[in-house]
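Here is the structure we will look at, set down as structure tokens.
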Amino acid sequence: MTNVDELLARMSPAEKAGQLTQYFYFRLPAGAEAEPALGLDVAEQPRAVEAALGRGEAGSLLFVTDPAEINRLQRLALAGNPHGIPLLFGFDVIHGLRTIFPVPIAMAASWDPEIIERGQAVAAREARAVGIHWAFAPMVDIARDPRWGRIVEGAGEDPYLGAVVAAAQVRGFQQHIIAGPKHFGGYGAALGGRDYDEVNLSDHELWNVYFPPFRAAIEAGAGNVMTAYMDLNGIPATASHWLFTEVLRDAWGFDGFVVSDANAVRNLVVHGFARDLTEAGERALTAGVDMEMAIADPAYARLPESQAAPEVIDARVRKVLEAKVRLGLFDDPYVDEERARAVLADPAHREAAREAARRSAVLLRNERDLLPLDAGSLSSIAVLGPLADSKRDTLGPWVFDFDLDETVTVLDGIRASFEGRVDYAPGIPVGQRTFPSMFDMFGGNAPADPPGFDAEAEFARAIATAAAADVAVVVVGEWQNMIGEAASRSSLELPGRQLELLQAVVATGTPTVALVMNGRPLDLRWAAANVPAILDIWYPGTQGGAAVADLLFGEVSPSGKLPFTWPRTVGQIPMISSHTISHEPDNQARRYWDEESTPLFPFGHGLSYGKFGYGELTVDRPVVGREGTVSVSVEVTNDADRAAAEVVQLYLHQRHGTASRPVRELKGFRRVVVPARSTLVVEFPIGPEHRRYWNAAVRDWVLDAAVFDVTVGGSTASFEVGPPMSEG
Ligand code: BGC
């Protein structure tokens, strides 16, 4: 059994600093150039890291996914480390490693903790098999500004949904590896939606909105937490003693280790906070950041000369060593490469990804029940738009180790399920991706403009293809790396000529289905008024096209619900469901002169092939004590001739109290499959944990004695209002 105290007693200051350092280990594809802003010398980087391994001065590496390479580097580390301390390998396992699941915002749209947990357990199983011990995930940052590209990585706007999704992901990951919820805290509220820009959030918003998913992730057992890049209320988050010591450890009892975001410790100098790298390291360490993630030249290498107290350094090293012990790395540091291949090829993983894509799609509109398509009565389908047959875009952002050959596009999926004629025309060039991305260096966003693409002729061909078909399926959305990190937008319009393409297809008179491939709400005002069926398929992953075909042809019903409020236009941002009011709801002042005050689609919205009705809502007791729990139940009826899943949502509204409370707050949900022509009873508890909130006046959590309205429905737009419940 490894004795951490003995190790600490034997280690030199430089070795301790090394354990607190995590290096990027980059091997870029041949010919690729590193993003200049990273300050990375591609040739020098691996040499410098291997030299640190040889000196026993590196605790962890990231960005290596090949099991043979992981074993090689582990051997180097163990040969260089006089105490036999193995390396920890971390990586961005965001929505799958080899088997790519729908992007995280899509998984959240399933409102289904079971499939979310299963998905991350699959990702973790693949990761562990290749030798990765730790995922920099889940991203549990609340996102209320869709200009911010990282909205795709989280669970959307709501703290309750965010907390349930965070916990489910952590449970999934931690079956095999360490989960690292990120980026603590408030990172999603960047000014103007510009990534890394400063964040100014009141304590009321932090405690009530931005912190709950982190707390839930920690309660679910997350072994790591990552810092955030930006300034939070004037202090760089990465050097915030309040965040990492007072809140995370002291208030929540977090017992794992904290890692900085990439280069965030070095950047304390750029913030104008630390005077030099030595002070940067000392201040981050003292704040509570155990490990520095560094692209090159780590600040923590200077810890031995810094003012950092030796006992604080020891406490941080202890956390890192404990994580290695818990993972069993001292006993078994290597991976079995053959087994890794078998795990990566497991067909059960593909099946889980397909199921996840089915459950995450959101049916936004379905006039005259155009969907599901009746395959038997159709002889031809036109599949249009460049995203319909783009494997990379189908996978979405934050993928590195995918297998393009086995990625099923929408076109592939439709071809495999439909026996009639399928005609494909992109209409506009796939290569309309002039958007430079920092992920270009991994080959992820390579311009793919086919040489000699004749824009006008291709556009006309797509329209003619639509005109000649019984149904047109147009895939619209954003290209893979227009969304994600450092991918903010000032507009939510469909890029390129996609709207024009959609309009021209609808004008042919052929019934049209729009499939939206996205990770944030886009400006679909025209489509919402003119395209009869709109299905949000997100970036659906490896099995995406197969799942989309299952949904289009009615093999399964869509059951996803929006995890964010979908604004009409960028000018309405931010727009959320759980807002407060100061005037009667019909007061005109909340309106814009030039736009409605309502969203295009509300939070929780999502249609079904089932026909759901909600019966009377009952509350088991009209009055409860402060710490009491009531039980709410509602009948959900499906009048359709087919079974379908519905996400039943419960919202609370507190009528009066010691603070103004939101018009509604999500406080429960259940995904249930309701058989054809039947009724189920769904029950929810409402306990003190659902009524408690952080009150800015008393600077603490409170439970008011108050009257509450309870509403249950399939969306925030369709409530059944029940009798009030009071606490007193
Ligand atoms: C991102 C993190 C990510 C890290 C390592 C950073 O730029 O903000 O979310 O885990 O890079 O790739």
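Things to note:
- As for the stretch 192-204, it holds no residue that is more than 24 Å from Leu161 (Cα to Cα), modelled with pLDDT of 95 or more, within 15 Å of the ligand (Cβ to nearest atom) and of a type in the set (Val, Ile, Thr).
- Residue within the stretch 219-229 that is in contact with a strand residue (DSSP E or B) (Cβ under 6 Å, 6 or more places away or on another chain) and more than 25 Å from Ile116 (Cβ to Cβ) present: no
- Per-region count, the stretch 376-407, residues surrounded by 18 or more Cβ atoms within 10 Å (Cβ to Cβ) and part of a helix (DSSP H, G or I): 9
- Yes/no for Ser60 being at pLDDT 95 or above, of a type in the set (Ser, Thr, Tyr), on the phi < 0 side of the Ramachandran plot and within 16 Å of the ligand (Cβ to nearest atom): yes
- Scan of the stretch 210-261 for residues that are farther than 18 Å from Val165 by Cα and of a type in the set (Asp, Glu), ordered by number: Asp231, Glu246, Asp250, Asp255, Asp261
- Flag for Val312 being surrounded by fewer than 23 Cβ atoms within 10 Å (Cβ to Cβ) and either closer than 22 Å to Ala137 by Cβ or not acidic (Asp, Glu) (or both): yes
- Whichever residue in the stretch 68-111 is part of a loop (DSSP other than H, G, I, E, B) and among the charged types (D, E, K, R) and, among such residues, is farthest from Glu406 (Cα to Cα): Asp92
- All positions within the stretch 234-254 that are buried (at least 17 other Cβ atoms within 10 Å of the Cβ) and among the β-branched types (Val, Ile, Thr): Thr238, Thr245, Val247
- Any hit, the stretch 141-160, residues being surrounded by fewer than 23 Cβ atoms within 10 Å (Cβ to Cβ) and among the aliphatic types (A, V, I, L, M): no
- Where Ser488 falls short, out of the listed (1) at negative phi; (2) crowded, with 24+ Cβ neighbours inside 10 Å: (2)
- Answer from Leu61, Leu97 - the residue that is over 30 Å from Glu157 (Cβ atoms), surrounded by 21 or more Cβ atoms within 10 Å (Cβ to Cβ), under 33 Å from the mean Cα position of the chain (by Cα) and touching a residue at least 24 places away in the same chain (Cβ under 8 Å): Leu61
- Picking from residues in the stretch 582-601 that are under 23 Å from Ala143 (Cβ atoms) and in contact (Cβ under 8 Å) with a residue 60 or more places away in the chain, the one that is surrounded by the fewest Cβ atoms within 10 Å (Cβ to Cβ) is Leu600.
- Filtered residue count, the stretch 171-189, keeping only those that are away from the ligand (no atom under 16 Å from the Cβ) and under 13 Å from the mean Cα position of the chain (by Cα): 0
- Residue within the stretch 531-544 that is in contact (Cβ under 8 Å) with a residue 40 or more places away in the chain, of a type in the set (A, V, I, L, M) and within 25 Å of Glu456 (Cα to Cα) present: yes
- When the residues of the stretch 471-498 are filtered to those that are at pLDDT 95 or above and polar (S, T, N, Q), the one that is farthest from the ligand (Cβ to nearest atom) is Gln498.
- Residue in the stretch 221-229 that is at pLDDT 95 or above and farther than 19 Å from Gln22 by Cβ present: yes
- Close contacts from the stretch 31-56, counting a first residue that is surrounded by 13 or more Cβ atoms within 10 Å (Cβ to Cβ) and of a type in the set (A, V, I, L, M) and a second that is in a helix (DSSP H, G or I) and modelled with pLDDT of 85 or more, with Cβ to Cβ under 8 Å and a gap of 6+ residues or different chains, come to Ala52/Gly18; Leu53/Leu73; Leu53/Leu76; Leu53/Ala77; Leu53/Gly80.
- Qualifying positions in the stretch 225-253 - within 14 Å of Val199 (Cβ to Cβ), of a type in the set (Val, Ile, Thr) and away from the ligand (no atom under 15 Å from the Cβ): Ile235
- The stretch 143-165, residues that are without any contact (Cβ under 8 Å) to a residue 60 or more places away in the chain and within 15 Å of the ligand (Cβ to nearest atom): Gly154
- Condition met for Ala706 (touching a residue at least 40 places away in the same chain (Cβ under 8 Å), surrounded by 17 or more Cβ atoms within 10 Å (Cβ to Cβ) and farther than 26 Å from Phe564 by Cα): yes
- Condition check for Ala352: part of a helix (DSSP H, G or I), of a type outside the set (Lys, Arg), at pLDDT 95 or above and under 26 Å from the mean Cα position of the chain (by Cα): yes
- Inspection of the stretch 540-547 finds no residue satisfying the criterion of being closer than 30 Å to Leu680 by Cα, in contact with a Phe, Trp or Tyr (Cβ under 6 Å, 6 or more places away or on another chain), at pLDDT 95 or above and part of a loop (DSSP other than H, G, I, E, B).
The values are calculated or read from the model by the stated rules, or taken from the named source; none is laboratory data. Quantities reported herein were computed from a predicted structural model and do not represent experimental measurements. Because the Cβ atoms are built from the backbone with ideal geometry, glycine has one as well, and the counts that use them run over all protein chains shown.
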